[in-house]
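Novice: Let me give you the structure first, and then I'll get to my questions.
The values are calculated or read from the model by the stated rules, or taken from the named source; none is laboratory data. As the structure is a prediction and not an experimental result, all values here were calculated from the model. A quick note on method: Cβ atoms are made from the backbone with ideal geometry, for glycine too, and the neighbour counts reach across all protein chains shown.
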């Protein structure tokens, strides 16, 4: 990692309101990732969805490949690949290829599939999604180990002496994380396979209060399977919008957030049980939504980390379009300039250097000031002497 502190990024589902030009929306998503790369954000996780009109990216792998060509540093992951929708051999092959194409910037995020309508169209029963995700994870991790051919048969896929065409570019493999929302099942799956965790529930009502408990459950489960959970691989997903002051920030997002809540989570998805009636107000009160000045947002992040009882490795902001394009980009820029460095250790040395200069200025600057005064005195004495020499040089010819 390029720094020792907290990592920051986005969780790009994405959320594009119905009626917006979908071709331009996809282009904006890539432009946003490119802008975040320039601002020093660490990660962008890109979703996979196939219905409901708003979350319009069907293949995170295609977006990762395109974004990799436009960026230099930002790491790019699937947020998330719905494992029951794909043969695990092909998932592993595609992400190994991305690992090579990005020179180690690719990450695999895994989940059972978020939208019931997606699974329904593919004839996948809801009760099978989580067990199938775990079966797929078992196959993928064995394939990526590149230790021996993998033979495995389930009721929905089969592997016969399967081995990858290429070993991962990253040694021993690229990062893999499991998404966890309202139940602890995602955290427990991550623990059983020794993987990272993306806590989508951190941004839901009551979610922060469950973080520490779910992490303890994951640690215990990991130990039972010979693994150890690493907080550096734990990411929390919340909403964020930053502006010059609190009132301005609220004014910029109020209409867009209400439109998203009513038309997508209300009319389209039938308001999932975890979705509050007034999520903006509820989120602000609970700390799952951070809207305000850089100072307010920084305090919100510090409060969120307290819920973990030990810290996490990264914060991901759900990439919404509550504000307009200019305001959204300004939000990320303000965050990168005035909030991000507080949690990444980059302010310590400049601050200590300034404090040292202030404390030592009499001893350091006073002699320099006296030297400057002496230089002016010496210069003043030199002028008459130069005039006298010039007169002596002219005297013989006069």
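Novice: Which one of these is closer than 30 Å to residue 70 by Cα, modelled with pLDDT of 95 or more and over 21 Å from the mean Cα position of the chain (by Cα): 189, 106, 139, 167?
Specialist: On the way: 189 fails: closer than 30 Å to residue 70 by Cα; 106 fails: over 21 Å from the mean Cα position of the chain (by Cα); 139 fails: closer than 30 Å to residue 70 by Cα.
Checking each option against the conditions leaves just 167.
Novice: Do we have residue 228 as surrounded by fewer than 24 Cβ atoms within 10 Å (Cβ to Cβ), closer than 29 Å to residue 53 by Cβ and in contact with a helix residue (DSSP H, G or I) (Cβ under 7 Å, 6 or more places away or on another chain) here?
Specialist: Working: surrounded by fewer than 24 Cβ atoms within 10 Å (Cβ to Cβ): yes; closer than 29 Å to residue 53 by Cβ: no; in contact with a helix residue (DSSP H, G or I) (Cβ under 7 Å, 6 or more places away or on another chain): yes.
The answer is no for residue 228.
Novice: List pairs: first in segment 290-309 and at positive phi, second in a helix (DSSP H, G or I), Cβ under 6 Å, 6+ apart or cross-chain?
Specialist: The qualifying pairs are 292/246; 292/249; 309/212.
Novice: I need the full set of residues from segment 312-367 which are free of Cβ contacts under 8 Å to residues at least 60 places away in the same chain and assigned to a loop (DSSP other than H, G, I, E, B), in order please.
Specialist: Selection gives 347 alone.
Novice: Taking residue 298, is it assigned to a helix (DSSP H, G or I), within 23 Å of the chain's Cα centre (by Cα), assigned by TED's automatic domain parsing to the domain that holds residue 183 and crowded, with 18+ Cβ neighbours inside 10 Å? I'd like the intermediate steps shown before the answer.
Specialist: On the way: assigned to a helix (DSSP H, G or I): yes; within 23 Å of the chain's Cα centre (by Cα): yes; assigned by TED's automatic domain parsing to the domain that holds residue 183: yes; crowded, with 18+ Cβ neighbours inside 10 Å: yes.
The answer is yes for residue 298.
Novice: Continuing with this model, one more query. Being closer than 19 Å to residue 16 by Cβ, free of Cβ contacts under 8 Å to residues at least 24 places away in the same chain and either assigned to a helix (DSSP H, G or I) or touching a helix residue (DSSP H, G or I) at 6+ places or on another chain (Cβ under 8 Å) (or both) is the requirement here; does residue 262 meet it? Spell out how you get there, then give the answer.
Specialist: Working: closer than 19 Å to residue 16 by Cβ: yes; free of Cβ contacts under 8 Å to residues at least 24 places away in the same chain: yes; either assigned to a helix (DSSP H, G or I) or touching a helix residue (DSSP H, G or I) at 6+ places or on another chain (Cβ under 8 Å) (or both): yes.
Yes, satisfied.
Novice: Then there is this: Can you spot a residue in segment 284-292 that is in contact with a helix residue (DSSP H, G or I) (Cβ under 7 Å, 6 or more places away or on another chain), within 17 Å of residue 241 (Cα to Cα) and part of a helix (DSSP H, G or I)? Spell out the reasoning first.
Specialist: At the first step, the residues of segment 284-292 found to be in contact with a helix residue (DSSP H, G or I) (Cβ under 7 Å, 6 or more places away or on another chain) are 286-292.
Those left that are additionally within 17 Å of residue 241 (Cα to Cα): 286-292.
Checking which are part of a helix (DSSP H, G or I) leaves us with 286.
Yes, that holds for at least one residue.
Novice: Looking at (1) surrounded by 21 or more Cβ atoms within 10 Å (Cβ to Cβ); (2) within 24 Å of the chain's Cα centre (by Cα); (3) part of a helix (DSSP H, G or I), which is the only condition residue 222 fails?
Specialist: Checking residue 222 against (1) surrounded by 21 or more Cβ atoms within 10 Å (Cβ to Cβ); (2) within 24 Å of the chain's Cα centre (by Cα); (3) part of a helix (DSSP H, G or I), the one that fails is (2).
Novice: Moving on. Is it the case that segment 182-197 has a residue that's under 26 Å from residue 280 (Cβ atoms) and part of a loop (DSSP other than H, G, I, E, B)?
Specialist: There is at least one residue in segment 182-197 that is under 26 Å from residue 280 (Cβ atoms) and part of a loop (DSSP other than H, G, I, E, B).
Novice: Mind counting the residues in segment 217-234 that are closer than 30 Å to residue 271 by Cα and either touching a strand residue (DSSP E or B) at 6+ places or on another chain (Cβ under 6 Å) or free of Cβ contacts under 8 Å to residues at least 24 places away in the same chain (or both)?
Specialist: So the first thing to find is which residues in segment 217-234 are closer than 30 Å to residue 271 by Cα, and the list is 217-218, 234.
With either touching a strand residue (DSSP E or B) at 6+ places or on another chain (Cβ under 6 Å) or free of Cβ contacts under 8 Å to residues at least 24 places away in the same chain (or both) added as a condition, the list becomes 234.
The total comes to 1.
Novice: Can you pull out every residue in segment 157-178 that is closer than 17 Å to residue 138 by Cβ and buried (at least 21 other Cβ atoms within 10 Å of the Cβ)?
Specialist: Scanning segment 157-178 gives 176, 177, 178.
Novice: Shifting gears a bit: Among the residues of segment 235-259, write down those that are touching a strand residue (DSSP E or B) at 6+ places or on another chain (Cβ under 8 Å) and in a helix (DSSP H, G or I).
Specialist: Filtering segment 235-259 for residues touching a strand residue (DSSP E or B) at 6+ places or on another chain (Cβ under 8 Å) gives 235-243, 245-246, 249-250, 252-253.
246, 249, 250, 252, 253, listed by residue number.
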